[in-house]
Amino acid sequence: MTTEQSAPAYVWSAVQDAPVREVFPGIRLRPLWAGDDGAKAFVLEMDANTCWQGVDVHEPGPEEVFVVSGFFNDGDRDYPAGTFIHAAAGSSHVPQTTTGCTLFLFYPTG
């Protein structure tokens, strides 16, 4: 008897190969992946003493954040490297950092 197994579909990208877009001075976004259903993954790099210009509103869906390095501040509190943050759809914050940070961002619904 032969059992057929199919390998799962993998899509991968390396941060250093991802195109860089400066969204604000000292704040760079690197797209890593986009799914057919609108889901997206990014790396966001923020230099020390940078702040998002305006309020970042999470629409149409939530934002998932993992602090890879440094300290991320959402305008209310600091989150050190290793922290996971779930920001519900409709929530908002003002991303900023005094130390600089690198974040992994995931938008499950676009």
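Residue by residue through region 82-99, what is 3J(HN,Hα) from phi via Karplus (6.51 cos²θ - 1.76 cosθ + 1.60, θ = phi - 60°)? Round to whole Hz and write x for glycine and proline.
x, 8, 10, 10, 10, 10, 5, 4, x, 7, 8, 7, 10, x, 7, 7, 9, 8
Hey, what do the phi angles of region 58-75 turn into as Karplus ³J(HN,Hα) couplings, whole Hz, using 6.51/-1.76/1.60 and θ = phi - 60°, x for Gly and Pro?
So the J values, rounded to whole Hz, are 8, 9, x, x, x, 10, 10, 10, 10, 7, 7, 8, x, 10, 9, 10, 9, x.
Using the Karplus curve 6.51 cos²θ - 1.76 cosθ + 1.60 with θ = phi - 60°, work out ³J(HN,Hα) for each residue of region 9-23 in order, rounded to whole Hz, and write x for Gly and Pro.
Each residue of region 9-23 in turn: 6, 10, 10, 9, 8, 9, 3, 5, 9, 6, x, 10, 10, 7, 7 Hz.
Looking at (1) 0.98; (2) 1.01; (3) 1.07, which value of Rg/Rh (Cα atoms, Kirkwood Rh) comes from a calculation on the structure shown?
(3)
With +1 assigned to the C-beta of every Lys and Arg and -1 to the C-beta of every Asp and Glu, and no other charges, what is the dipole magnitude of the chain about the Cα centre in debye, to the nearest 20? Show your work: numbers first, answer last.
Numbers: 5 positive and 14 negative charges, 38 e Å.
Computed about the Cα centre, the dipole is about 180 debye.
Please list, ordered by chain and number, the residues whose modelled amide H lies under 5 Å from the amide H of residue 39; skip anything fewer than 5 residues away on the same chain.
HN-HN under 5 Å from residue 39: 110.
Can you give me the % of accessible surface on the chain that is carbon or sulfur? Probe 1.4 Å, all protein chains present, nothing else counted.
Carbon plus sulfur share of accessible area: 54 percent.
Mind ranking 59, 45 by accessible surface for me, highest first, 1.4 Å probe?
59, 45
Using 0.36 nm per residue of separation minus the Cα-Cα distance, give me the extension gain between residue 109 and residue 84 in nm, one decimal.
Here the segment from residue 109 to residue 84 would lengthen by 7.2 nm.
How big is Rg to Rh over region 64-107, alpha-carbon atoms, Rh as the Kirkwood inverse-mean-distance radius?
Rounded to two decimals, Rg over Rh is 0.93.
The values are calculated or read from the model by the stated rules, or taken from the named source; none is laboratory data. Model, not experiment: these values are computed from the prediction. Virtual Cβ from ideal backbone geometry, glycine too; neighbours counted across all protein chains shown. Calculation scope for accessible area: heavy atoms of the full protein, side chains included, ligands and nucleic acids excluded. Shrake-Rupley method; radii C 1.70, N 1.55, O 1.52, S 1.80 Å.
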